[in-house]
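Read the figures in this text as sums done on the coordinates, not as results from a lab. Treat the numbers as computed from the prediction; the structure is a model and nothing was measured. Glycine also receives a Cβ, built like all others from the backbone with ideal geometry; neighbour counts cover every protein chain displayed.
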């Protein structure tokens, strides 16, 4: 069965500094990977996805993610953090067994300090 | 012009009651989902419908019954509510059943509290 691990419950970073939110995955077959963000009392919003192609994927709000097949990782990055980036971030992988559901990680809370 | 809407936003009820949560999307999407987010923020899929057809039914108690009157609506009915049902329930939609290349759009969530 597929799985996603987000090893950090919380990431703290100062405004203007680069940020990384880590994600590793396990899935049989080709990985289809997603990042979503959840602001307080809101639903999840799509940030970016990796289906195939370039290992560096660019998404919304200046975020990007680097796909690394050998390390089975899909870390989310941003060169310069904003206070408004503070939210809960979820990594997800598609189930390749035919169900085509998404399996989400446990989420990482990003706190950007001014 | 909300894309995916849910009602109610908050729902407080007692054990044993029956309640429904409604979801509507105006995006013209074919596929809709229900997710449950527990108190630790863990998000898990419950059901998925494509054009009113049930395509994913996770190991959810049969007290939970989704109903899709048309492809723009997916309601969730819960019978005999239990304390463990307390969670935030999210509805989502995507433009295609094979959403490997399509992102999902989420509603704002319904916070259910069972006392």
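Using a basic spin-label model with each label point 7 Å from the Cα along Cα→Cβ, how many nm lie between residue B:63 and residue B:5?
Each label point is offset 7 Å from its Cα along the Cβ direction, giving 3.0 nm.
If contacts are Cα pairs under 8 angstrom and at least 6 residues apart, what is the relative contact order of region B:1-94 in percent?
36
Using only atoms on other chains, find how many Cβ atoms lie within 10 Å of each Cβ of peptide B:37-49 and report the average.
Partner Cβ neighbours, averaged per residue: 4.
Fewest Cβ neighbours within 10 Å first, please rank A:26, B:48 accordingly.
Ordered by Cβ neighbours within 10 Å, fewest first: A:26, B:48.
Please state the relative contact order of chain A as a whole percent: Cα pairs under 8 Å, 6+ residues apart?
Here the relative contact order equals 37 percent.
With labels modelled as points extended 7 Å from the Cα through the Cβ direction, what inter-label distance (nm, one decimal) is found for residue A:51 paired with residue B:26?
Label at residue A:51, label at residue B:26, 2.8 nm between them.
Starting from the Cα of residue B:115, step 7 Å along the direction of its Cβ; do the same at residue A:39; then give the gap between the two resulting points in nm.
Inter-label distance under the simple model: 3.1 nm.
What does a probe at residue A:68 reach in region A:1-41, counting residues whose amide N is under 14 Å from the point 7 Å along Cα→Cβ?
Within reach of a label on residue A:68, which here means backbone N under 14 Å from a point 7 Å along Cα→Cβ, region A:1-41 contributes A:7, A:20-25.
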